[in-house]
Amino acid sequence: MKIRFLCLFAIIAIGMPAFALHHDEYPVLMPPLSEGIFPCSNCHAGLEVNAKKRELKEEHTNIKLHHAENNRWCLDCHNPANRDQLKLANGETINFTESHLLCGQCHGNIYRDWKVGIHGKRIGNFKGGKKVYFLCVNCHNPHDPKFKPLKPEPPPIRPERSHGR
Amino acid sequence: MKMMSMGTVAALYLGSSACTKDKVEEFLQKNFREMSETEKKQVIRRLEETYLRKYGKKFQISTKRAEAGILWGYGLDLSRCIGCRRCVYACVKENNQSRVNPQLQWIRVVRLKKGSLINLENAEHYYNPETVPEPGFMYMPVQCQHCENPPCVRVCPIKATWKEPDGIVVVDYNWCIGCRYCIAACPYKGRVFNWSEPNIPVEELNTDVHYLGNRPRMKNVVEKCTFCVQRVRNGRYPACVEACPTGTRKFGNLLDPNSEIRYLIENKRVFRLKEDLNTEPKFYYFFSA
């Protein structure tokens, strides 16, 4: 566990682009943690745990919780005892690279599809080489998970325009 | 006799234009499926030299064969596609399609009114809103469906296009005469034609190519999606699968019971486009939600 955590830290420290991290069950991408924010314990280790639901005015002001926000607060998913980890509903703690376990607690049918490669995305070699799974959080912001609209790439040129030269 | 008359034709053809040994060899080149291994090597060497001269770039042209026990299949999740066309442009780049005059694209994303999926007459592929998805619409990318019973192959008068043992429908661009019967026969508009000399910025050329796939084409030949033959025969996903931001696109071996594609066929609501035509596409549209 410790080694894995160190490895995570090392990758962030050298500023390597997100890439595959060894994982027992699924080779996953690095979760898209904000730059310079990890390990969280850098700040949180010395702070008192405040479980009260409140507006964050000093830090993490960019986070607007829009994910069942009426029933939820930071410490339902983030481990209060060690902020470098996440926490499942049963109290078990997990690393950020296993966040799919956390999402799967509520989104069971999506999680089932993800495990077999139907929901979500995999890249790399499907045979013989390295395959990488996108984590839920690589596409969905965990604090505001709805997929945002995108600007489409340009439509094809109409034939009457390309031939009328 | 045939060789003799071909020789005469070649002589006539070459008599009328400035000619090189390469041109003679190109003219007399066999259909890819009839070439011996030595002949393939010669052709590849000649093509690599031609490309080097033309583009100033070193190409790696593969002739890798289909592996036994593989039949490629594609899955596309219509509940997830948002019509952003990232796949279209990733395909263009990976497969060295002409960018303008002619602009050739192997994927066409059509927009359909929600609730009228089967009515393709109302399909629109020039949609261009600020953002996608648009409320009330759904999007269906269409490309070569790699039919098990491909009408395009049947109509080709010179057998320049065929279905490989792993199910990919390919074209030998050097054998194609540009009659475009295949384009007329395809019910999916899966094929496009080089009406003029292709235009690709040299710096954007992909030099990792397959003879039957993404090598640069010439004027007067037909081209189409090959499931990225140059990638999938090396165990990589097609470019469109990797480019899709919503994970709409799935790919795998239909003969492998543990593949993603088999799972979705067995567990999701699946249909194939224009099934009634008996083309037996290996392209499965599905709904995950």
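The values are calculated or read from the model by the stated rules, or taken from the named source; none is laboratory data. Since we're looking at a predicted model, the values are computed, not measured. Quick reminder, even Gly has a Cβ in these numbers, built from the backbone with ideal geometry, and neighbours come from all protein chains shown. Accessible surface areas use protein heavy atoms only, side chains included; no ligands, DNA or RNA. Shrake-Rupley method; radii C 1.70, N 1.55, O 1.52, S 1.80 Å.
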Out of (1) more than 7 Å from every other protein chain (Cβ to nearest Cβ); (2) assigned to a helix (DSSP H, G or I); (3) open to solvent by less than 80 Å² (accessible area, probe 1.4 Å), the one A:E160 does not meet is (3)
Just name the residue that is least open to solvent (accessible area, probe 1.4 Å) out of those in segment B:177-230 that are more than 19 Å from B:N31 (Cα to Cα), away from chain A (no Cβ under 14 Å) and part of a strand (DSSP E or B).
B:R191
Looking at segment B:100-119 only, could you name the residues that are open to solvent by 60 Å² or more (accessible area, probe 1.4 Å) and under 15 Å from B:Q143 (Cβ atoms)?
B:R108
Cβ-Cβ below 7 Å, separation at least six or inter-chain, first residue in segment B:265-289 and of a type in the set (G, A, S), second part of a strand (DSSP E or B) and surrounded by 21 or more Cβ atoms within 10 Å (Cβ to Cβ): which pairs?
B:S288/B:D77
Taking A:R83 as the residue in question, decide whether it is in a loop (DSSP other than H, G, I, E, B) and crowded, with 17+ Cβ neighbours inside 10 Å.
yes
Of all the residues that make up segment B:260-285, how many are aromatic (F, W, Y), within 14 Å of another protein chain (Cβ to nearest Cβ) and closer than 18 Å to B:L120 by Cα?
2
Do the conditions hold for B:K93, that is, is it surrounded by fewer than 20 Cβ atoms within 10 Å (Cβ to Cβ), of a type in the set (D, E, K, R) and either touching a Pro at 6+ places or on another chain (Cβ under 6 Å) or more than 14 Å from chain A (Cβ to nearest Cβ) (or both)?
no
A:N90 - would you say it is part of a loop (DSSP other than H, G, I, E, B), closer than 28 Å to B:I82 by Cα and free of Cβ contacts under 8 Å to residues at least 60 places away in the same chain?
no
List the number of the failed condition for B:W162; all other conditions in (1) over 16 Å from the mean Cα position of the chain (by Cα); (2) outside any loop (DSSP other than H, G, I, E, B); (3) more than 14 Å from chain A (Cβ to nearest Cβ) hold.
(1)
Here is a list: A:V116, A:V132, A:V137, A:V49. Which entry is away from chain B (no Cβ under 14 Å) and either touching a residue at least 40 places away in the same chain (Cβ under 8 Å) or of a type in the set (V, I, T) (or both)?
A:V49
Scanning segment A:106-152 for residues that are more than 21 Å from B:F251 (Cβ to Cβ) and among the charged types (D, E, K, R), which turns out least open to solvent (accessible area, probe 1.4 Å)?
A:D144
